[in-house]
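Worksheet: the structure to be examined is printed underneath.
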Amino acid sequence: MSLSLAIGRPTLADRIFSRSLATDLVLVAAGAGLTAIAAQVSVPMWPVPLTGQTFAVLLAGTVLGSARGALSMALYLGLGLVGLPVFTPQADGSHLTGLAAVAGPTGGYLVGFVLAAALVGWLAQREWDHRALGTLLAFVAGTVVIYAVGLPWLLVALSGLGLPHPLEATLAGGLYPFLLGDGLKAVVAAGLLPLTWSLVRRADRAAAERRDS
C-alpha cells in the first residue's frame, strides 16, 4: 500500500489520481494555490472584502477530502504567516502578512477555512457531493463554520475600535453582504460536482466495457 496523506474513504481526487504521498503533496499545494489566487480577485469592502476565497476553500476540501483539505488550508495560512502575499489585498493594493493578518479583523475567517475544508471533506468522503442536494448542504455547512469562527473574531476586533454598535457593524460588514454570493457558490457547486462524478462514472463504465470486449 502506498504511503498517503489521505485518510478514510476516497474522494473525487482519488478517482482521478492514484493515492500516493507525492500526489497528495501536489494536491495539497494546488488547493492552497487555488485559494491564494481566488484571494487576489476581490472587491474592497470594509471590514471584510468580497472575494472568491470561500468557493476555493470549500471546493478544495470537497475534492481532496478532510485530511488533505485541512492540510491545504493550513498550508495557505502558513504561507501568509511567513510573509508571502497570499491573502486578499487591502484597498490600497498592499498585503497584510504574518501575524498582523491573522490578528486582524478577518483573521477568524482564515482560521475557519481550515475547519470548513475539514468538514466538507468529511462529508464528501460520505458521498454528499455525489448529488446536488448533498453538495448544496455540504457547502452551506462549510460556510456556516467559516462564519462561526470569523464573526466572533470580527466582533472582538471591531469592539476594540470603540464603535458604538459593534455587533450591528459586525453583521453589516461581515455577514449580510456575502449571503447572496455564498448561496450562488453553493448552487454552482451543486451543479458542478455531481456532474463531474457522473462523467467519472461514465468513463469508468467505458473503460470496463473496453476491457470486456
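Every number here is computed from the coordinates shown, using simple stated rules; none is lab data. What you see is a predicted model; the values in this text were computed from it and never measured. Here Cβ is always computed from backbone atoms with ideal geometry, including for glycine, and neighbour counts include all displayed protein chains.
For the chain, what relative contact order do you get, as a whole percent, if you take Cα pairs closer than 8 Å and at least 6 residues apart?
20
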Kirkwood calc, region 12-205, C-alpha pairs only, radius in angstrom 17.0
Measuring from its Cα centre, the chain shows a charge dipole (+1 at each Lys and Arg Cβ, -1 at each Asp and Glu Cβ) which, in debye to the nearest 20, is 640
Taking only the Cα positions of region 1-70, the convex hull volume per residue in Å³ is 77
Two pseudo-spin positions, 7 Å from Cα along C-beta at LEU167 and at VAL82, lie apart in nanometres by 4.2
Per GNM of the chain with C-alpha springs under 10 angstrom, the most fluctuating residue out of ASP24, ASP129, ASP92 is ASP92
Charge dipole of region 12-205 built from unit charges on the beta carbon (Lys, Arg +1; Asp, Glu -1), centred at mean Cα; most positive-end Cα among LEU133, TYR176, PRO166 is LEU133
Largest fluctuation, PHE178, PHE17, PHE113 only, Gaussian network model of the chain with Cα springs under 10 angstrom, belongs to PHE17
From the Cα centre of region 1-32 to that of region 167-185, the distance in Å is 33
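For ALA29 and VAL200, compute 0.36 nm times the residue count separating them, minus their Cα-Cα distance, and round to one decimal in nm.
59.2 nm
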